[in-house]
1. Of the residues Asp93, Asp119, which is of a type in the set (Asp, Glu) and within 20 Å of the chain's Cα centre (by Cα)?
2. Assuming Asp187 fulfils every condition listed in (1) surrounded by fewer than 18 Cβ atoms within 10 Å (Cβ to Cβ); (2) outside the structural domain of Trp297 (by TED's automatic domain parsing) apart from one, which condition is it?
3. Considering only segment 39-73, how many residues are polar (S, T, N, Q) and buried (at least 21 other Cβ atoms within 10 Å of the Cβ)?
4. Mind counting the residues in segment 249-267 that are surrounded by fewer than 21 Cβ atoms within 10 Å (Cβ to Cβ) and either more than 30 Å from Thr152 (Cα to Cα) or among the small types (Gly, Ala, Ser) (or both)?
5. Within 20 Å of Pro245 (Cα to Cα), part of a loop (DSSP other than H, G, I, E, B) and assigned by TED's automatic domain parsing to the domain that holds Gly64: is that true of Pro195 in this structure?
6. Note down all Cβ pairs under 7 Å where the first residue falls in segment 289-315 and is free of Cβ contacts under 8 Å to residues at least 12 places away in the same chain, the second is part of a strand (DSSP E or B), and they're at least six residues apart or on different chains.
7. Provide a single number: the residues in segment 200-212 that are within 21 Å of the chain's Cα centre (by Cα) and either over 20 Å from Arg261 (Cα atoms) or surrounded by fewer than 20 Cβ atoms within 10 Å (Cβ to Cβ) (or both).
8. Could you please find all residues in segment 17-56 being within 32 Å of the chain's Cα centre (by Cα) and acidic (Asp, Glu)?
Amino acid sequence: MIFLFLLTLGACHAYAYPINENINGGFEQDQNNNNLPDFWETVWRNGTSVGSSASKESFEPIEGKYHFRLYNGSGDKKSYMYALSNPVTIEKDHLYKINAFMRYTLPVGRASITIIETDRYKNIVYESNRSFSNGGWQWHDNTIYLAPKDNTEYIQIRFEVGGEEKAYLDIDKVNIHSIEINESFEDDLNNNNLPDFWETVWRNGTSSQSSVSKPGYEPIEGTSHLRMYSGTGDPQSFVYSLSDPIPVSAGSSYDMNAFMRYTLPEGWAEITIIEVDSNDRVVNEYGRSMNNGGWKWHYHSVLITPNYQTSYIRIRFAVGGEEKAYLDVDQVSLKRVANPAAWKIDIPNQNQIRYFYDANGRLQYVLLTNGKIVALKYDKNGSLIKKEAL
């Protein structure tokens, strides 16, 4: 049994993998002994202040011996001090989480992280940023999410501080992680019976024995799926499961889809998309509900066209409205939509067959016009060995 807890929207359980490139994010390395950390030696100041600096210091870093310090100087409160990383190669169709520990006071000025996307010719494609102030001279773990544009091949990270005289910014433990959404709910690295990336769960209402877990009762694929149970004693209770943040790109559209199994003759299940800006404020919420599922797997889609303010989304599943309500979820996917005008909710209802392929380009599912799903299984050599209706 998994006991449920209340949601804090800004919190999440990271399910991401560090990139292989050494970005010297702890600022320990300085091979040419110029007191600037390797990989971060492009520094400058704008404005007319005096005494500005960028240096590798050792005043209570988060870890190791050193951190990076930016100082904008005195005499011109509008001056800013900048530090820019070397280019970092990224992979196409990957999503990223960039986080850094930052220490600042800044009652008037601000500090910022800017992500600069560039193409293969190092031309700027897009810039996204997040600003901070009023830090109380404490370390803060700040994050920015990135869904690179289609022609982005490199990113550079820029830190800056200014907007008041004698503004300091300390930086340490910069990391870039590639995000995985654990779409099949197979992974559970901390062995808590909750799938990684989907560990924010809670219940409203007064029901008892509600739960969220990772069982394996005839999943669409693999050995596990997500199961949500609303409990007993209160038909108005709902159970929720919320994803970690998923970066999205302004100007793009996405098809969020999932296989869902339910009965629900009186209650209902929900998919909700929560759009959030770079300061972790909710921008928009929308979704759809479903019921009377006959305890079969159903395919459901939601078209997402993010607001221009949206930095990332979170996907929320819910079930309730009757006692002992169950919802199983499997194979959650988020893909860019090339032509949103042609997108349809639940394409089988539009008299079209839909095909789904795995990472190796093999046909994996066929969604028929009558709503039935045909799954195809392959052996380790890639030969088709089985077709079955789900």
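The values are calculated or read from the model by the stated rules, or taken from the named source; none is laboratory data. These figures come from a predicted structure and were not determined experimentally. Positions of Cβ are generated from backbone atoms using ideal geometry, with glycine treated the same way; all protein chains shown enter the neighbour counts.
1. On the way: Asp119 fails: within 20 Å of the chain's Cα centre (by Cα).
Of the residues listed, the single one that is of a type in the set (Asp, Glu) and within 20 Å of the chain's Cα centre (by Cα) is Asp93.
2. All conditions are met except number (2).
3. Going residue by residue through segment 39-73, those that are polar (S, T, N, Q) are 42, 46, 48-49, 52-53, 55, 58, 72.
Subset that is buried (at least 21 other Cβ atoms within 10 Å of the Cβ): 49, 52, 72.
Count: 3.
4. 7
5. Details: within 20 Å of Pro245 (Cα to Cα): yes; part of a loop (DSSP other than H, G, I, E, B): yes; assigned by TED's automatic domain parsing to the domain that holds Gly64: no.
Taking the combined requirement at face value, the residue does not satisfy it.
6. Final answer for the pair search is none.
7. So the answer is 2.
8. Glu21, Glu28, Asp38, Glu41
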